Structures are given as structure tokens and as C-alpha cells.
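*Asks:* Quick one: structure below, then a few questions.
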Amino acid sequence: MRTPTPRLAAGVLAGIVLAAAVAVTLWPEPTVRSLTPAAAWRVVGEVEAHVNLGGLHHTSHFLRDSVRFDDEAGFWRAWTPSQGNRPLSLSSPPFSAPPLLAIPVTGKTSGTSGQAALWIEHVASGERRPVCFGSNHDSFNDVLVALPPSWVGGDVILRMECSGQDNLGTGSVFAVSWLSFMKATFLGRLAVLVAAMLVYGFFLFVGAALAAACDREELCLPLGLVTLGSFALAAFYAAPLLQAGGLPPGVAVRLAVSAGGLAGAAAVWTAGGPARQRAWERVRGYAALWCFATLLLAGVCGAIGTGTGHWEPNYRFWPAT
């Protein structure tokens, strides 16, 4: 019986982790449960402050459908179409705290105090916990909050105090499952990240193979990067043009990527086996370094969340910067 080599052991471990990541990604997420009906909130501010989440354009939000279309949910923000930023005070009704919460947020928050404060408050002790830090700008995001074990089962309240200097908004609180929480971790995003890296790596390899086929191995990496950039730029413009032609956004993106993939596959096949082998020898070291740096950055960004959704990398070191 052969003794497992370190490379084999690392490969098996990576396979197990990736399989777990795929399972977390694909497993259906349970529907969230509303804890704070809109009618029971205390709202002090403009009537226009109420926002219909179900009417948001798909490019302006990153919310679950079960949050957007909940019949009992409410959402308010300090910015109004007619008057801009205005003072707004919100207080949810007390609710029994579950272990995990999802709270829709938009705008900028300063934590538990200041001009744009947003926090969860434990009724019995008065202790406060910030919901998020930094800014979601004009995007609407679900912020996942894990409450301390000592809070679970006790009454808590979501509060917001905005002076009108900044845009800040929030609304109904939802109970979510541990699967929802796992999907937002590095493990839950790993499968999608690997798929994206494979797509980008493929188009880089297309250019490298073409360079090798022309006996210009020294240009494998530069031409690979040019090919990758050209594909990304073409897809960037093709997807909205297809969408303007009547295709749904998801279909337009997939069609643009698939068309580029077929063209790339034809180019790699035409280059021939020897050219593909020489190209791989040229770029594999760079590819390994790129993969390591990408996974490291994703791991750092997913280590401790600030609650700013896709703005997370921008605010990784906030407020230090």
C-alpha cells in the first residue's frame, strides 16, 4: 500500500472543502421569518421616509425575495425624494431574540452613537450592539447579526437615530437559519469564487495558447492578460445590450459569457496540443500565485464582516482609514 504523499493529502483535503462549499451554496435556504410587523414600529420623521422594498430595481438591492415581499415588513430611510436627507428616528417593537438576525440596511452608519446610529438593544440590560459599520451607500443589503448567547430568548429592540446629515435606513427584523449565515461566510462563497476563477483563468489561457501556437512563448502571459481584459470588456458591453433587447439580466450575462467561452474553446483547440502544453508550462506558476492571492484576499474579507455587503472590501479597515 502506497503511503499518501503531502500533495495527495492536500488534494483530498481541498476536494472535501470544495465539496462542502458546493453543498452550502446549492442547499436551498429556508424562508426567513419576520419578527417586527411594520404597524408596530415607532417612526418619527417624514411620511415619505417609507420605502417599498418590493419596488426596488434589481441593480439597487441585494435582498432576499422573502425579505422584499414580506407582507408585514416595513422599511424607512432618512433620505426622501423631495427633501433629501431629513432627521429620522426609528424603534422596533420588542421581540424575542433568535440566535441570528437579518436586517435590511441602506446608507451610512456610525455605530451605536453619532449622527447616524443603528443598533440592537437588549431591553433588560440596556446593552447595545451595532448592526454594521461603514456605508452601503445607496444599495440595500441584508446585514446578518449573530446575537450573544445570553441575549437569545430575551427581549431586544432595533433602534435608529439619524440627524439628517447622512442617509441611513433600516426596517423589519427577520430570523434566519444557520445555513443563511454559512452562505455569507468564506466557505459559502468559495464555490462561486472558484467558478469565477476558472472562467477568468480559462480566458487567460486562451491568449497564452495562441501566443505559444505562434512560437512566441515569451508573450504567453502578456497576451493572456490582454485576452482576459478584452473578454471582460466585451462581456461588460454585450450583457446590457442583450438586456436592452429584451432578455432577462441573468440570461443576458450567461449568454455573453457562453458566447465568449465557445470562441475561446475554438481558439484553444485550434492552437493544438503542443502549444497548449507549452503555454501551460509558461503560465502555471503565475496562475498558482494568482489563485493563492485571490483566496487569501477573499479569506481576509470574509473573516470579520462589517455589514456593508458588496462594499465589504472597501471598508475592511474602516475606521482606520
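The values are calculated or read from the model by the stated rules, or taken from the named source; none is laboratory data. Since the model is a prediction, treat every value here as computed from it, not as a measurement. Glycine gets a Cβ as well: all are built from the backbone with ideal geometry, and neighbour counts include every protein chain shown.
*Asks:* Could you check, for the range 281-299, whether at least one of its residues is in contact with a Ser or Thr (Cβ under 9 Å, 6 or more places away or on another chain) and under 30 Å from T109 (Cα atoms)?
*Replies:* Within the range 281-299, the subset in contact with a Ser or Thr (Cβ under 9 Å, 6 or more places away or on another chain) is none.
Within the range 281-299, none of the residues are in contact with a Ser or Thr (Cβ under 9 Å, 6 or more places away or on another chain) and under 30 Å from T109 (Cα atoms).
*Asks:* Residues being under 16 Å from L158 (Cα atoms), outside any loop (DSSP other than H, G, I, E, B) and of a type outside the set (G, A, S): count how many of those fall in the range 133-148. Break it down into steps so the answer makes sense when it comes.
*Replies:* Within the range 133-148, the first condition is being under 16 Å from L158 (Cα atoms), and the residues that meet it are 133, 142-148.
Imposing the further condition that a residue be outside any loop (DSSP other than H, G, I, E, B) reduces the set to 142-146.
The next check asks that each one be of a type outside the set (G, A, S); those that pass are 142-145.
Here the count works out to 4.
*Asks:* Further question: Taking the range 116-143 on its own, how many of its residues are over 23 Å from the mean Cα position of the chain (by Cα) and surrounded by fewer than 18 Cβ atoms within 10 Å (Cβ to Cβ)?
*Replies:* Of the residues in that region, 6 qualify.
*Asks:* Quick test for you: out of P104, P98, pick the one residue that is buried (at least 17 other Cβ atoms within 10 Å of the Cβ), within 18 Å of the chain's Cα centre (by Cα) and modelled with pLDDT of 90 or more. So that I can check it myself, show each step before the final result.
*Replies:* On the way: P98 fails: within 18 Å of the chain's Cα centre (by Cα).
Of P104, P98, the one residue that is buried (at least 17 other Cβ atoms within 10 Å of the Cβ), within 18 Å of the chain's Cα centre (by Cα) and modelled with pLDDT of 90 or more is P104.
*Asks:* I've got another one for you. Under 21 Å from G229 (Cβ atoms), touching a Pro at 6+ places or on another chain (Cβ under 9 Å) and not hydroxyl-bearing (S, T, Y): which single residue out of A239, A271, A265 fits that description? Outline the logic, then answer.
*Replies:* Values: A271 fails: touching a Pro at 6+ places or on another chain (Cβ under 9 Å); A265 fails: touching a Pro at 6+ places or on another chain (Cβ under 9 Å).
Every option except A239 fails the conditions.
*Asks:* Filtering the range 24-58 down to residues that are exposed (fewer than 13 other Cβ atoms within 10 Å of the Cβ) and of a type in the set (A, V, I, L, M, F, W, C), which residue is modelled with the lowest pLDDT? I'd like the intermediate steps shown before the answer.
*Replies:* Our first condition is that a residue be exposed (fewer than 13 other Cβ atoms within 10 Å of the Cβ); within the range 24-58, this holds for 26-28, 39, 42, 44, 47, 52, 55, 57-58.
Adding the requirement that they be of a type in the set (A, V, I, L, M, F, W, C) leaves 26-27, 39, 44, 47.
Details: L26: 89, W27: 91, A39: 84, V44: 85, V47: 60.
Filtering first and then ranking leaves V47.
*Asks:* Further question: Name the residues in the range 166-217 that are farther than 30 Å from A271 by Cα and among the charged types (D, E, K, R), would you?
*Replies:* Across the range 166-217, the qualifying residues are D166, K183, R189.
*Asks:* For the subset of the range 274-321 comprising residues that are of a type in the set (V, I, T) and exposed (fewer than 15 other Cβ atoms within 10 Å of the Cβ), which member is modelled with the lowest pLDDT?
*Replies:* Our first condition is that a residue be of a type in the set (V, I, T); within the range 274-321, this holds for 283, 294, 300, 304, 306, 308, 321.
Subset that is exposed (fewer than 15 other Cβ atoms within 10 Å of the Cβ): 300, 304, 321.
On the way: V300: 80, I304: 71, T321: 45.
Out of the qualifying residues, it is T321.
*Asks:* I've got another one for you. Report, by residue number, each residue of the range 214-257 that is small (G, A, S), over 23 Å from the mean Cα position of the chain (by Cα) and closer than 15 Å to Y200 by Cβ.
*Replies:* G224, S230, A234
*Asks:* To continue, here is another question. For the range 163-181: of the residues being hydrophobic (A, V, I, L, M, F, W, C) and surrounded by fewer than 18 Cβ atoms within 10 Å (Cβ to Cβ), which is modelled with the lowest pLDDT? Walk me through it before giving the result.
*Replies:* Residues of the range 163-181 hydrophobic (A, V, I, L, M, F, W, C): 168, 173-176, 178-179, 181.
If we keep only those that are surrounded by fewer than 18 Cβ atoms within 10 Å (Cβ to Cβ) too, we end up with 178-179, 181.
Working: W178: 90, L179: 90, F181: 87.
Filtering first and then ranking leaves F181.
*Asks:* Assuming S150 fulfils every condition listed in (1) under 23 Å from I304 (Cβ atoms); (2) touching a residue at least 12 places away in the same chain (Cβ under 8 Å) apart from one, which condition is it?
*Replies:* (2)
*Asks:* Right, next: When you check A298 against the structure, is it over 28 Å from the mean Cα position of the chain (by Cα) and assigned by TED's automatic domain parsing to the domain that holds T227, yes or no? Spell out how you get there, then give the answer.
*Replies:* Details: over 28 Å from the mean Cα position of the chain (by Cα): no; assigned by TED's automatic domain parsing to the domain that holds T227: yes.
Criteria not met by A298.
*Asks:* Here's a follow-up. Quick check: anything in the range 262-273 surrounded by 11 or more Cβ atoms within 10 Å (Cβ to Cβ), of a type in the set (F, W, Y) and modelled with pLDDT under 80?
*Replies:* no
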